[in-house]
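Student: Here it is: the structure, laid out below.
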Amino acid sequence: GAGVSQTPSNKVTEKGKYVELRCDPISGHTALYWYRQSLGQGPEFLIYFQGTGAADDSGLPNDRFFAVRPEGSVSTLKIQRTERGDSAVYLCASSLTSAGTEAFFGQGTRLTVV
Amino acid sequence: AQKVTQAQTEISVVEKEDVTLDCVYETRDTTYYLFWYKQPPSGELVFLIRRNSFDEQNEISGRYSWNFQKSTSSFNFTITASQVVDSAVYFCALSEGSAGNMLTFGGGTRLMVKP
């Protein structure tokens with residue numbers, strides 16, 4: 001596609017449920033990043049993939065959060081046992097390489113946990 | 001640890017005024033990159049500029065200009081002759097060394113340009 005695509009654009013779930021958020025990066029981009037943006041704040045880094053492997057997952061807040069990128073393209077962010085504090089916009093970005101090239105962001109998935 | 005501070009949470013100007021958005025950063029690395037992104041109401045972050053720590057030359061792109069000063073750890077952004085379409089939240093960000101696009105963002109500055 002022309003840009004980074006994230007689905008769904010909005011997700012409302014009940015506390016305690018499991019959710020999956022999907023990111024389709026720009027074709028050919030090897031690096032993929034997940035960020036979380038709470039209302040009125042700047043995005044916070046969660047995890048970075050180079051190809052299929054998670055090169056840095058230091059931003060994941062706890063073990064309820066997990067992400068995969070099995071074929072080096074599409075990535076899924078998985079959240080188990082959701083809590084109200086997980087409500088935020090989850091942003092995905094991709095770049096051609098891991099450094100020296102700009103990152104392009106998707107429009108995000110707004111997750112609301114009720 | 002790195003940190004980015006945007007002290008101005010909200011700025012309101014009238015169209016055609018010049019406006020400067022401040023950004024102060026902290027890092028222990030000697031090699032790092034600084035960025036500015038624009039986030040319009042649609043929510044998508046739009047890349048504006050990347051500057052590495054070894055290049056202190058100021059940059060101008062149309063109505064946009066950036067002033068990088070290592071001595072004060074600042075990377076300020078000026079919009080000349082602002083327009084209503086410039087209304088958005090602007091984020092300054094930092095990445096260290098070989099961290100690429102693993103960015104530490106500031107809290108953002110909401111710019112409102114009134115006609």
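The values are calculated or read from the model by the stated rules, or taken from the named source; none is laboratory data. The structure displayed is predicted, hence computed values, not measured ones. A quick note on method: Cβ atoms are made from the backbone with ideal geometry, for glycine too, and the neighbour counts reach across all protein chains shown. The protein model used for the area step is the full one, side chains on, heavy atoms only, and it has no ligands, DNA or RNA in it. Shrake-Rupley method; radii C 1.70, N 1.55, O 1.52, S 1.80 Å.
Student: Taking into account only those residues within segment A:1-18 that are open to solvent by less than 80 Å² (accessible area, probe 1.4 Å) and among the polar types (S, T, N, Q), which is farthest from the chain's Cα centre (by Cα)?
Tutor: That would be A:T13.
Student: Let me ask something else about it. In segment A:60-96, how many are within 8 Å of chain B (Cβ to nearest Cβ) and either open to solvent by 10 Å² or more (accessible area, probe 1.4 Å) or more than 10 Å from the chain's Cα centre (by Cα) (or both)?
Tutor: 2
Student: Is there a residue in segment B:61-70 that is open to solvent by 50 Å² or more (accessible area, probe 1.4 Å), within 13 Å of chain A (Cβ to nearest Cβ) and under 11 Å from the mean Cα position of the chain (by Cα)?
Tutor: no
Student: So which of B:V113, B:V85 ends up being over 23 Å from A:D56 (Cα atoms), more than 10 Å from chain A (Cβ to nearest Cβ) and either in a loop (DSSP other than H, G, I, E, B) or open to solvent by 40 Å² or more (accessible area, probe 1.4 Å) (or both)?
Tutor: Every option except B:V85 fails the conditions.
Student: So which residues in segment B:10-44 are at pLDDT 95 or above, closer than 30 Å to A:N10 by Cβ and either more than 14 Å from chain A (Cβ to nearest Cβ) or in a loop (DSSP other than H, G, I, E, B) (or both)?
Tutor: Within segment B:10-44, B:I11, B:S12 qualify.
Student: Now a separate question. Hey, could you check segment A:31-40 for residues that are more than 10 Å from the chain's Cα centre (by Cα) and at pLDDT 95 or above and say which is surrounded by the fewest Cβ atoms within 10 Å (Cβ to Cβ)?
Tutor: A:S38
Student: Output the residues belonging to segment B:92-101 that are surrounded by fewer than 24 Cβ atoms within 10 Å (Cβ to Cβ) and within 7 Å of another protein chain (Cβ to nearest Cβ).
Tutor: B:S98, B:G100
Student: Is it the case that some residue within segment B:11-31 is in contact with a strand residue (DSSP E or B) (Cβ under 8 Å, 6 or more places away or on another chain), small (G, A, S) and open to solvent by less than 40 Å² (accessible area, probe 1.4 Å)?
Tutor: no
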